[in-house]
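Reviewing the structure listed below.
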Amino acid sequence: MNEITRQILDQIPSNVKFSEEDAELLIKHKDKLLEWEDGLIEGFYDSLFNHDTTRAVFEEGERPAREQTLRDWYRRTLNGPFDDNYWEWQTYVGLVHIKRKVNNAMVAGMWGWIATYLGRKALEEFPQEEALKLISAVHSLQANVTALIVESYLKNMFVAIDKAAGLSEALLGRLVATEIDDMLAKAKSS
């Protein structure tokens, strides 16, 4: 596993980190989860395309290709394995999001949408205890994937700034900390 992916995953508390048990549960129920695929993809992209800010990320006519990207991710996720390649792929998505101007608020919001959609379907289709286990596994997956995407977005942004402007992550961190102190002082006085 590459260093950035490892560093990010190591920051997630173990009790919320995606586990082997979570993986086994998703794979155990993959047939039912795959039945929900079309609704998930349609609802996901309807949400994005019905909101001006997120719709602006896309080019005209691009929706079918992006739907296929989500479909590929969903199927790969449900078929496993959750190996180094899988987690590194999620880290790579952070780079793609920088290029596409998909910000972290969009990522967090849409992961919330996915978790809610799958949670509702699980509660409709499974006995409560099994549904809650599946919902927990989805939330653990969400924790890992969101962490990898948003943190790699930030880390790679720092690398790009360093390469483009010669500002190392450490120097940029000090500059940001100084500005944050000023912003906090102003917020407290308001």
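The values are calculated or read from the model by the stated rules, or taken from the named source; none is laboratory data. Quick caveat, the model's predicted, so the values are computed rather than measured. Please note: Cβ atoms are built from the backbone with ideal geometry, for glycine as well, and neighbour counts cover all protein chains shown.
Looking at (1) surrounded by 14 or more Cβ atoms within 10 Å (Cβ to Cβ); (2) within 17 Å of the chain's Cα centre (by Cα); (3) closer than 27 Å to I161 by Cα, which is the one condition that is false for F44?
For F44, the failing item is (3).
Do you know which residues across segment 104-119 are touching a residue at least 40 places away in the same chain (Cβ under 8 Å) and surrounded by fewer than 17 Cβ atoms within 10 Å (Cβ to Cβ)? Step through it out loud before you land on a result.
Here is the first cut: in segment 104-119, the residues touching a residue at least 40 places away in the same chain (Cβ under 8 Å) are 104, 106-108, 110, 113-114, 117-118.
Within segment 104-119, N104, A108, W113 qualify.
Check every one of the helices (runs of 4 or more DSSP H) wholly within segment 33-128 and list those with 3 or more residues that are at pLDDT 95 or above and farther than 27 Å from T5 by Cα. Even if it seems obvious, please write down each step before you answer.
On the way: elements: 37-49, 52-55, 63-79, 84-100, 104-125.
Because the criterion is at least 3 residues that are at pLDDT 95 or above and farther than 27 Å from T5 by Cα, the helices (runs of 4 or more DSSP H) in segment 33-128 that meet it are 37-49, 52-55, 104-125.
Keeping to segment 57-98, report how many residues are over 23 Å from L134 (Cβ atoms), in contact (Cβ under 8 Å) with a residue 24 or more places away in the chain and either in contact with a His (Cβ under 8 Å, 6 or more places away or on another chain) or not hydrophobic (A, V, I, L, M, F, W, C) (or both).
Of all residues in segment 57-98, those over 23 Å from L134 (Cβ atoms) come to 57-69, 84-85, 88, 91-98.
In the following step, the residues that additionally are in contact (Cβ under 8 Å) with a residue 24 or more places away in the chain were identified as 57, 67, 84, 88, 91-95, 97-98.
From what's left, either in contact with a His (Cβ under 8 Å, 6 or more places away or on another chain) or not hydrophobic (A, V, I, L, M, F, W, C) (or both): 67, 84, 88, 91-92, 94, 97.
Number of matching residues: 7.
Just checking, how many residues over segment 2-32 are under 19 Å from the mean Cα position of the chain (by Cα), assigned to a loop (DSSP other than H, G, I, E, B), under 25 Å from A122 (Cα atoms) and in contact (Cβ under 8 Å) with a residue 40 or more places away in the chain?
Residues in segment 2-32 being under 19 Å from the mean Cα position of the chain (by Cα), assigned to a loop (DSSP other than H, G, I, E, B), under 25 Å from A122 (Cα atoms) and in contact (Cβ under 8 Å) with a residue 40 or more places away in the chain: 4 in total.
Report, by residue number, each residue of segment 33-45 that is aliphatic (A, V, I, L, M), touching a residue at least 60 places away in the same chain (Cβ under 8 Å) and under 30 Å from N156 (Cα atoms). Lay out the reasoning, then the answer.
Taking segment 33-45 as the starting set, the residues that turn out to be aliphatic (A, V, I, L, M) are 33-34, 40-41.
Narrowing further to those that are touching a residue at least 60 places away in the same chain (Cβ under 8 Å): 33, 40.
If the condition is that a residue be aliphatic (A, V, I, L, M), touching a residue at least 60 places away in the same chain (Cβ under 8 Å) and under 30 Å from N156 (Cα atoms), then L40 is the only one that fits.
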